[in-house]
1. Restricting attention to strands (runs of 3 or more DSSP E) lying wholly within segment 90-186, give those where 1 or more residues are closer than 19 Å to LEU242 by Cβ and in contact (Cβ under 8 Å) with a residue 60 or more places away in the chain.
2. Kindly evaluate ILE141 against the criterion of being closer than 30 Å to LEU252 by Cα, modelled with pLDDT under 95 and among the hydrophobic types (A, V, I, L, M, F, W, C).
3. Check ARG272 against each of (1) surrounded by 15 or more Cβ atoms within 10 Å (Cβ to Cβ); (2) within 26 Å of the chain's Cα centre (by Cα) and name the one condition it does not meet.
4. Quick one: which of VAL244, VAL263 is among the hydrophobic types (A, V, I, L, M, F, W, C), outside the structural domain of TYR375 (by TED's automatic domain parsing) and more than 15 Å from the chain's Cα centre (by Cα)?
5. What number of residues within segment 155-179 satisfy the criterion of being over 19 Å from LYS131 (Cβ atoms) and among the charged types (D, E, K, R)?
6. Would you say SER126 is modelled with pLDDT under 95, under 23 Å from GLY30 (Cβ atoms) and assigned by TED's automatic domain parsing to the domain that holds ILE215?
7. Is one or more of the residues making up segment 193-203 more than 17 Å from LEU106 (Cα to Cα) and part of a loop (DSSP other than H, G, I, E, B)?
8. Could you list, in sequence order, the residues of segment 102-140 that are closer than 22 Å to ASN222 by Cβ and among the acidic types (Asp, Glu)?
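The values are calculated or read from the model by the stated rules, or taken from the named source; none is laboratory data. None of these values were measured; they are calculated from a predicted model. Here Cβ is always computed from backbone atoms with ideal geometry, including for glycine, and neighbour counts include all displayed protein chains.
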Amino acid sequence: MVGLDPRSPNAGLRLLREVREKHGDLCLIGVSSAPSEQLVLLAFRAGATDYLPHPACGQELIERVLRHCGDTGAEASGDSLVGESDEMMQIRASIENVAASDSNVLITGETGTGKELVARLIHGRSARAGKPLVCINCAAIPDSLFESELFGYERGAFTGAHASTPGKMEAGNGGTVFLDEIGELSPYAQVRLLRVLEEKSIQRLGARKPIALNIRVVVATNRDLDRLAMEDKFRRDLYFRLNVGRIHMPRLRDRKSDIPILVNYYLTELNRQFGSHVEGVQPEVMETLLTYEWPGNIRELRNLLEAVFISRPKSQITVVDLPSWFHNRHPGHSVRPSEQDRLLTALYATNWNKSKAAGQLKWSRMTLYRKLAKYGLDRNPQSDL
């Protein structure tokens, strides 16, 4: 653990950087008596693995250390955010701040950006971590089943109700309820959900008495809920209830510097899953990945690599290994790589050796350092993997 004095944090941040440079795989937890979003962000940028308020609960500290420094199965199963871009550093800081409160949270972002993962991280870092996390896909529940699914029912409430059954919200009592695709709720369902949030209770179908509810609500949507609410296409009162804590997940094409890290991360996961020994991708493949727009975001990247593994690639993934549907979406020579894409490709091809990368790009070392600073790549993101 490294203490960070909110009044003068430079010494703690410097210590974090020094330890991280010498020990890339060490678990470093920053602690502060008065954490701010900016301080949390600086701690992650300096190399912190996690962040805790001081004084930290002993049990929570043990759980955090085990999570980051023990069995790596959690990472392989996708229970961690991957990426070292400024955008992801900001997301990590926001998660820590939001998790410390008990307010409702709205997570926004395109499909495939990792909204459910953020919801799980918020729950896992909150005071409710030892309680249930119940995930509900709002788009999959028709109005006719909304109340029975979410609130439950008593025996005899309707034909086929042979036994009393708790609903999903009751199952999450004491913990967190994650409502995915909240923007797909019908007006009827919005009214019912709003009443639950206002009264903090539910009533099973066929029951006479309400059941007190102690839950934290986290919701996610890939729709523009701000615009829908202002255009009266989503209840404003419900919107204002949900839009307290707010986290926006960036598109993959807006944080391309994370693509090499994500590729290495998923190669490790897929090697374990398929029993393979793929060491990496050829520079031409990395350049292709960096110039693609990724409409399906991280989920699409992961699915692409899994499709490659099905065909059993050799030690290095080549352009030929990429599936035909990807070639059809992204013809190899139709897109001119940007300067940042060329820089990332060179760094990846040289294992982040700056001298070799500069030579490959035919730049001077000073030019390379200026470009690294320009694109926020002046720290080797692969060193933390």
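1. It comes to 105-108, 176-180.
2. Working: closer than 30 Å to LEU252 by Cα: yes; modelled with pLDDT under 95: yes; among the hydrophobic types (A, V, I, L, M, F, W, C): yes.
Spelling it out, ILE141 is indeed closer than 30 Å to LEU252 by Cα, modelled with pLDDT under 95 and among the hydrophobic types (A, V, I, L, M, F, W, C).
3. All conditions pass for ARG272, except number (1).
4. On the way: VAL263 fails: outside the structural domain of TYR375 (by TED's automatic domain parsing).
Only one candidate passes the filter, namely VAL244.
5. Within segment 155-179, the first condition is being over 19 Å from LYS131 (Cβ atoms), and the residues that meet it are 155-165.
Those left that are additionally among the charged types (D, E, K, R): 155.
Result for segment 155-179: 1.
6. On the way: modelled with pLDDT under 95: yes; under 23 Å from GLY30 (Cβ atoms): yes; assigned by TED's automatic domain parsing to the domain that holds ILE215: yes.
Yes.
7. Among the residues of segment 193-203, at least one is more than 17 Å from LEU106 (Cα to Cα) and part of a loop (DSSP other than H, G, I, E, B), which makes the answer yes.
8. GLU110, GLU116 - these are the residues of segment 102-140 that are closer than 22 Å to ASN222 by Cβ and among the acidic types (Asp, Glu).
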